[in-house]
Each structure stands twice: as structure tokens, then as C-alpha cells.
Amino acid sequence: MPYADLVFSGGSVFTADTVRSTASAVAVKDGRIVAVGRDDVRELTGPHTEVVNLAGRLLVPGFQDAHVHPVWGGLDLLRCNLAEVASRTEYRTLIAEHMQANPDAEWLLGGGWSMSVFPGGTPLASDLDDIVADRPAFLTNRDGHGAWVNSRALELAGIDKHTPDPADGRIERLADGTPSGTLHEGAMTLVNRLLPPVGEAGMREALLTGQRYLHANGITAWQDAIVGSYGDADDPAPAYLAAAHSGELTARVIGALWWDRSRGLEQIDELVAKRAAAHFGRFAATSVKVMQDGVAENFTASMLEPYGDGHGHPSDNSGISFVPPEILNEAVPLLDELGFQLHFHAIGDRAVRECLDAVSEAIARNGQSDNRHHIAHLQVVHPDDIPRFRALGVAANMQALWATLEPQMVELTLPFLGPVRSAWQYPFGDLLRSGAVLAAGSDWSVSTPNPLAAIHTAVNRHAAPGYEEGDYEAFLPEQTIDLGSALTAYTAGSAWVNHLEKETGTIEVGKFADLTVLSRDPFAGPREEIGLATVEQTFVEGERVFHH
């Protein structure tokens, strides 16, 4: 055998294969893994072989994020980014500094604010008006389901006390009905339809910025959870295609085409055409994203029973199912028959059940397919629905970072779900024990794309070091999963969801050398220290795309 181009040795290798075998050395030739072993790999080291001395560190398959928004995350990094601070005073300081640095900007754009910073999770226009009064402001929150706007933006959009709430959203109001400055869900469209287009060059810059950031977190492949037409936002697909053609797209990307919830089955032909057009090199838009509900914090997550009022009494609100079940149960079988993967957003237990019901209907009509439908987020899952994931072949797409106690959970969620439903949150342990396929993702820029922080939380049900927001106990510790399962979900599990498992996701001979070097071996220390590991190097087909 000819000498290798690249050899990793002197540490530990987590292969993520079916038996989670271990090794201490890996050799790479022409972008593919040619040997996985121990001392025997040394004979492939020649005079021109690059040797990476792991020195007790851990080599893992490149992480794959099964639900992420890299272009929007890149835009956030380029705009007024509030994600790194967490107080009203700090937000105002950052906004003022951004305005000073961008005096000619037509709009103040950005995001990343946390609902827990503001009473009731709803900031006021007046908090912005004295900083930026001469131009409109539109700042999305961390989960992307709400926006903070100033009075100028409300004025431009024609939103006043007489403006009705849209069917798929809500305008937060003061006591007299005047819009307060927070827009939930579909109400954001009233303003963001006015935003200046990002443009081709801006979208390309955002994509490449996002890609660099994800590579720095050890991520070599992902599923972009929204491409195609998404309200009035720019479509990321052209940026992906341009980067794929130019060779700048170094990640492997599956795009999830947006299902327009304001329309019906007539859009399916358009999705087929978009799938055919959005496919080149490392990019393919073969999935369809259905956002079935909102989020629990603003009471738009779809629940089987009404929310409480915070004092133990039921309200008259059980959230919103954005796609009526009668349409969902027709659309999903048709899309499944056409070979699309369904990528569902479901936070509430009713939304989860509606998505599972739609897949069940697809199987009844079409038989079991290999489309690998998956449901992301899974905040509240009724116990009766846990075994249905394995039975229906639906993957559980975890955003494990959220499965912890923090102010937003304690103040804006638990009091309104009540004790019974609160105990059904993020049931990763039950899903694993049921035999469901686990995949993993971040939903960045909603939250950090750091897989190690999410894995730490999945194993500990407690925030990773540096991510704590208060001194809280472990959240539902019976739902922890082991480190091996969490790592496998973020590698082989997500590769399976992305139909990439024949080429990536595990460290095996013949597969692409998409690999990540961690600063330490988290198996070698206590589980409370998993999150202390960082990414030191990232490789795609043996080419280094990140070095710390």
C-alpha cells in the first residue's frame, strides 16, 4: 500500500461504528480513510506524510448538525449580534455601538436577544426608541420566533392598536391595545416584508461566514433547516449553489425546502422543480421543512391540552398548529411518494402527534420508504407517542442544549405547562431506550452550534461549563443518555438522516476523511467535564478547514 497523505496517531479514536470500536491511529489517502488501527498504521507513514500527534486527545468523525441555519447565523455575526450578552443594559450598549459604527445603515438589523431578560419575555419599542429613533429597527430573538421592533418600524408597517393579529402570530400590546414592540411568529412578517434584500453578495458572505464558524465547531456537514421561499427573506439556495460551483462550499449540506403554511398542495410541483434545480456538488435540497407549531415561551407551541395561566388554572389557549392536520395528512403522503424527506419542527405534544400521524398516513398509502423523516426539537412529547418513532421509522432530531434548567425554562415555560407536562420535556432517554434513531443539531443561530456543549447537556441534563445561567439542579436526570450515544447521534445519527452514512459519519476504511480533533478525550474524565473539551482541528476529505 502506498504511503498515506495524513496519519493521526498517539491518542484515542471514537469510530461511531455499530459497535463503537476504538482505535489509536487513522491513515488518510486521497481524501479517504485507508486504515483504522493501532501500531500497524505506522507502516503507512512515509517521508511526505503529515502526522497529527493526538497526544492523548480524541479523534471523532466530523460532527453533523441535523438542524441549523448557517446563512442566517452568518448574517447575525455580520449584523448587530446580541447573542453573547444577556442583560437589557448590555443590549442597549451593543445596539448603540453598532449604530455608531454603521451611521448610514437604512435599518438596525440583528438579533440574538433572550426572552428571559425582559418581563414576560417581551421587550418594548421604547427600549429602542431613545437609541435608534431615526430609522426602523428589527431584532429577532434567539429562537427566531419573535422580533423586537422600535416605533419607527411599527409606523412604517402600519401597525397600530387597530391592526388585527395574523392567524399564525400575535402582536404584543400594552393595556390600551397599542403595539408594545414585540411581534410573535407570523406577526413578524408585517415588518420583515419591508426589510431591504440582502442580495447575492451579502448572502454569499453570510454563508461563508457561517461555514467558517461551523467548521470551527468541528462540523463538517449539516441540514439547513430553511432554504427556498421563506416569506420575504432571501433564499439561501443560490448562495449554496454558487459556493458549490466555485469550490468554496467545503461542507456537505442537505437543504430543507420551506413548506409555505399559507398555501396548500398546489406548491408541491414547485418544490419538485426547486429540488431539481438546487443540486450540485456537496449541496442537495432533498428535504421539505414543515414548521408545525411555534414555541412554548410565547404560547404558540401546539399542545394537546391548554396552557395554564401560571397559577395552576387552565387558559383558553392550546397553541397553534400552523398546518391544519387535514392538509398535513394529504401533503406528507404526496411528498413521501415523490421521494422527499420531511423535516418537521414540533415543540408541543399535539404538534409531535400530528407529525407522527401524517407519517403514519404516508406509510398506510405508500408503504414504508427510506426517506428518513425526522422531527426536530421535541420539547414536549406525550408518553404514548414515544414508541411511535421506532415503529414509524421517524428519527428524533435532538437540540440537546435546551434540555436544561435556565431562566427562560423556569420563568416562561414550567409555570404554564404544569408539573405533568413539564416532566415530558426532551425525553431523549426514553427515545433511546425505545429504539428510536437519534440525530442531533443546534438550531444555530437560535443557540450555540457547539456540539460539545449540547452533548454535555444530553449526558448531564445540566448546562455545560460557560453556558450556565444560574445555579440549577439537573433537569429530569432520568432522561440522560450516555456519552457514546450522544456522540453517535451527532455523527452517525445525523449522517443517516442526511443520507450520507455510506460516505461519512463514522471512522471506517473507505469513507471520506471528514474528521474532528478534540482538545481532550471526554471518555477519560468525569462526565461533568465533557463540555470542557474544545475543537482543535477540522478536516473535510483530509483537507484541514479549521485549526485552532
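Observations, loosely collected:
- In terms of overall dimensions, the C-alpha atoms belonging to the stretch 71-192 reach 36, 27, 27 Å along their principal axes, ordered largest to smallest.
- With q set to 0.15, 0.21, 0.23 Å⁻¹, the log10 of I(q)/I(0) for the stretch 6-136, from the Debye formula over equal scatterers at the Cα positions, is -0.75, -1.20, -1.35.
- Eigenvalues of the alpha-carbon gyration tensor of the stretch 386-534, scaled by 5 and square-rooted, set the equivalent ellipsoid semi-axes at 26, 20, 13 angstrom, largest first.
- Once both labels are positioned 7 Å from their Cα atoms along Cα-to-Cβ, the gap between Ala86 and Arg390 label points is 3.6 nm.
- Contact order, relative form, for the stretch 71-192: 21 percent (alpha carbon pairs under 8 Å, 6 or more residues apart, mean separation divided by residue count).
- Available extension along the chain between Lys161 and Ser434 is 93.3 nm, counting 0.36 nm per residue and deducting the alpha carbon span.
- Folded to 0 to 90 degrees: helix 88-101 orientation relative to the chain principal axis, Cα: 80 degrees
- At R0 = 45 Å, FRET efficiency that the Cβ-Cβ distance of Glu97 and Ala276 yields, to 0.05: 0.50
- Residues with amide H under 5 Å from that of Glu50, placed H, sequence gap 5 or more: Leu6, Val7
- A DSSP coil position with no more than 10 other Cβ atoms inside 10 Å describes none of the trypsin sites (Lys or Arg not before Pro) in the stretch 390-485.
- Segment Ser262..Arg527, full-extension length gain: 90.8 nm, with 0.36 nm per residue of separation and the alpha-carbon distance subtracted.
- Linear extension gain, Leu334 paired with Asp269, 0.36 nm per residue minus alpha-carbon span: 22.3 nm
- For a paramagnetic label modelled on Asp316 (point 7 Å from Cα along Cα→Cβ), amide N atoms under 20 Å away are absent within the stretch 389-415.
- Taken one residue at a time, the phi angles of the stretch 333-339 give Karplus couplings (6.51, -1.76, 1.60, θ = phi - 60°) of x, 5, 5, 4, 4, 7, x Hz. Gly and Pro are set to x.
- Close amide H partners of Lys29, meaning residues 5 or more places away or on another chain with modelled amide H under 5 Å apart, are Asp5, Val34.
- In order along the stretch 426-431, the phi-based Karplus estimate (6.51 cos²θ - 1.76 cosθ + 1.60, θ = phi - 60°) of 3J(HN,Hα) comes to 6, x, 5, x, 5, 5 Hz; Gly and Pro are listed as x.
- As a calculated quantity, the FRET efficiency between Asp370 and Ala133 at R0 = 51 Å, using C-beta atoms, amounts to about 0.35.
- Highest-first arrangement of 201-211, 66-76, 293-303, where packing means the average Cβ count within 10 Å: 66-76, 293-303, 201-211
- 3J(HN,Hα) along the stretch 355-364: 5, 5, 4, 5, 5, 4, 5, 5, 5, 4 Hz, from the Karplus curve 6.51 cos²θ - 1.76 cosθ + 1.60 with θ = phi - 60°, whole Hz, x for Gly and Pro.
- Between Gly11 and Leu54, Ala55, Gly56, the built amide H atoms are under 5 Å apart, and every one of these is 5 or more places off in sequence or on another chain.
- Qualifying trypsin sites (Lys or Arg not before Pro) in the stretch 478-536, DSSP loop, other Cβ atoms within 10 Å at most 12: Lys502
Quick note: the coordinates plus some simple rules give every number you see, no bench work behind them. Small disclaimer: the values here were computed from a predicted structure and weren't measured. As a convention, Cβ positions derive from the backbone with ideal geometry for all residues, glycine included, and neighbour counts pool all protein chains shown.
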